[in-house]
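In what follows, a structure is listed as structure tokens, so that the remarks can point back to it.
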Amino acid sequence: MNDKKVKVGLMGLGTVGTGVIRLVEGHRDDLTQQTGLQIEIAKVLVQNPGKERSISVQSDLMTTDPYNLLHDPEIDVIVEVMGGIDNTLEYILEALNQGKHVVTANKDLMAIHGSTILKKAAEKNCDVFYEASVAGGIPILRALVEGFSSDRITKMMGIVNGTTNYILTKMSQEGASYEDVLKEAQALGYAEADPTSDVGGLDAARKMSILSTLGFRAGVNLEDVSCKGITGVTSEDIDYGKKLGYVMKLIGIAQQNDELIDVSVEPTLVKQSHPLASVNGVFNEVYVYGEAVGETMFYGPGAGELPTATAVVSDLVTVVKNIKLGVNGRGMVAPYKVKKLKTDEEILGKYFIRLIVDDKSGVLSQVTKTLADHDVSLEQVMQQPYNNGSKAELIMVTHTSSKKSILSILKQLEESDYVNEVKSFYRVEGGE
Ligand code: NAP
Ligand code: HSE
């Protein structure tokens, strides 16, 4: 066994950083056997060294100055698990300038500045790995880059945010309040430092842009992802969905047909019989459809200390193996396809629409005529009394139609005198 140590500068000792230290220490022998080298956490960057922590770290390893890690010539690898964008970009670029390899869990950064970071890494013959940035403990990025390298991926669909899945599961199964469950998810370490990026869909959108860039081998930016979060989802929507046989989930979909791409994140009513409907709590699941392989499914914990740390430390193991073999910086393939996005007319789907209408004759036929004028037909319809029976709620699920038609129908219904209010609308997945 080689006595050489690979020294790691760990930036961040929160939920994920703590898990990284636990795994590096707890699995030390296995890691050394696999890599042939010993891994040593040489310095740890934190904001507040006096903070009470669930693990003990020698106080002389802790620093609040990032340059104590970045400019330490003995440090070979920077593991960035502190989060943030602008300063963190500066630190990672400086790490690469100094010839250090980088492992990060930071999807915020990789979704926005991934191409700059990867370009710099290629220039410097350094590794940059970011498996933990998407779907926590599920090794989905490695699967896309290596496992499916021989195939052409046509669709990726799934639940890629643990916090919102935890919230929707508890709201749906226990009738819990949105605010209470969000606090629980924060206490469990699932949510981002600013949880509005979880509940607003941005965290999932960042992950979908990373998945689509790797899966479709085309540079799909965050602005290319249409994004809607769960803040507007009500318990009534969840209950009406249930009555019609659906479960509410925040679903990311990336599709590529005839070289045209569409990527979106939105609350979606998933047919109860679809496997995604039974992915509960903090779990994530990603379906990958390949032209040759057909349908594959990846399931596992999407957030949390040890699941996320497994992805980070596995990346670290790859870096260390590459150091041993002297092949760092050789494994990257930059996106090489031209990205062409679909128009709303080319995006197809089924939709749930919930309306408040006057409870009088002729209203239902006016509503269905508006749909028919756009060539959209209905798969399911339900009517419920509303406001003590003076009005009615109309809940409908359409057959497949274009997003353009649905948006135009919604506008027309909102402006009409036979609909009082368009309460909600959601994409529908699964079923025939
Ligand atoms: P966290 O619990 O908030 O921990 C952040 C750590 O970074 C803390 O130790 C903090 O120091 C340190 N830190 C933050 N800003 C700093 C600064 N400017 N200078 C020095 N130290 C700083 O965060 P986390 O949940 O572990 O997440 C870390 C990263 O992993 C994020 O990019 C997140 O998106 C990603 N991620 C998280 C999960 C998850 O389940 N939590 C899953 C996948 C990916 P103090 O301890 O002194 O405050
Ligand atoms: N906040 C993220 C989530 C962490 O809930 O999925 C994992 O990326």
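No value in this document is a laboratory result; all are computed from the given coordinates. The structure displayed is predicted, hence computed values, not measured ones. Heads up, the Cβs are rebuilt from the backbone with ideal geometry, glycines too, and the neighbour counts pull from every protein chain shown.
What to note about this one:
- Using the Cβ-Cβ distance between Lys243 and Lys5 with R0 = 60 Å, the FRET efficiency computed as 1/(1 + (r/R0)^6) comes to roughly 0.50.
- The angle between the Cα long axis of helix 363-373 and the longest principal axis of the Cα atoms of the chain comes to about 60 degrees, rounded to the nearest 10.
- Of interest is the spacing of the C-alpha centroids, which for the stretch 370-409 and the stretch 195-262 amounts to 22 Å.
- Cβ crowding within 10 Å averaged over residues, with 243-253, 104-114 ranked highest first: 104-114, 243-253
- Crossing angle, helix 86-97 versus the chain [Cα axis fit, 0-90 degrees, rounded to tens]: 40 degrees
- Residue-by-residue Karplus 3J(HN,Hα) for the stretch 106-116, coefficients 6.51, -1.76, 1.60, Hz, glycine and proline x: 8, 6, 4, 6, 5, 5, 9, 10, x, 5, 5
- Nearest-0.05 FRET efficiency for Ser377 and Ala193, computed from C-beta distance (R0 35 Å): 0.15
- Judged by the mean number of other Cβ atoms found within 10 Å, the most tightly packed of the peptides 195-208, 281-294 leads the ranking 195-208, 281-294.
- Counting only residues at least eight positions apart within a chain, or on another chain, the aspartates and glutamates with an alpha carbon under 15 Å from that of Lys228 are Asp198, Asp203, Asp262, Glu266.
- Helix-derived mean residue ellipticity, 222 nm - over the chain, DSSP H n ≥ 4, -39500 (n - 2.57), to 500: -10500 deg cm²/dmol
- Using the Karplus relation 6.51 cos²θ - 1.76 cosθ + 1.60 with θ = phi - 60°, the per-residue 3J(HN,Hα) values for the stretch 260-268 come to 9, 10, 9, 9, 8, 10, 7, x, 9 Hz, with x marking Gly and Pro.
- Per-residue Karplus couplings for the stretch 377-390, computed as 6.51 cos²θ - 1.76 cosθ + 1.60 with θ equal to phi - 60°, are listed in order as 10, 9, 9, 9, 9, 9, 10, 10, x, 9, 6, 6, x, 6 Hz, Gly and Pro entered as x.
- Amide H to amide H distances under 5 Å link Gln380 with Val397, where only residues 5 or more positions off or on other chains count and H is placed in the peptide plane.
- For the chain: relative contact order, % (alpha-carbon pairs under 8 angstrom, 6 or more apart): 17 percent
- In straight-distance terms, cross-link reach from Lys5 covers every one of the lysines whose alpha-carbon lies under 28 Å from its own, apart from those fewer than eight places away in the same chain; here that gives Lys43, Lys100, Lys119, Lys120, Lys124, Lys321, Lys324.
- Axis angle, to the nearest 10 degrees, between helix 202-216 and the longest C-alpha principal axis of the chain: 80 degrees.
- Long-range HN-HN contacts of Glu80 with modeled amide H, under 5 Å: Met11, Val103, Thr104, Ala105
- With the highest mean first, a sort of the peptides 156-169, 180-193 on other beta-carbon atoms found within 10 angstrom per residue produces 156-169, 180-193.
- Spin-label zone in the stretch 49-79 - amide nitrogen under 15 Å from a point set 7 Å from the Cα of Arg28 along the C-beta vector: 56-58
- Order of Leu211, Leu364 under a 10 Å beta carbon neighbour criterion, fewest first: Leu364, Leu211
- Rel. contact order, % - alpha carbon contacts under 8 angstrom, at least six apart, the stretch 210-266: 37 percent
- FRET efficiency for Thr400 and Lys337, using Cβ-Cβ distance with R0 set to 22 Å, rounded to 0.05: 0.25
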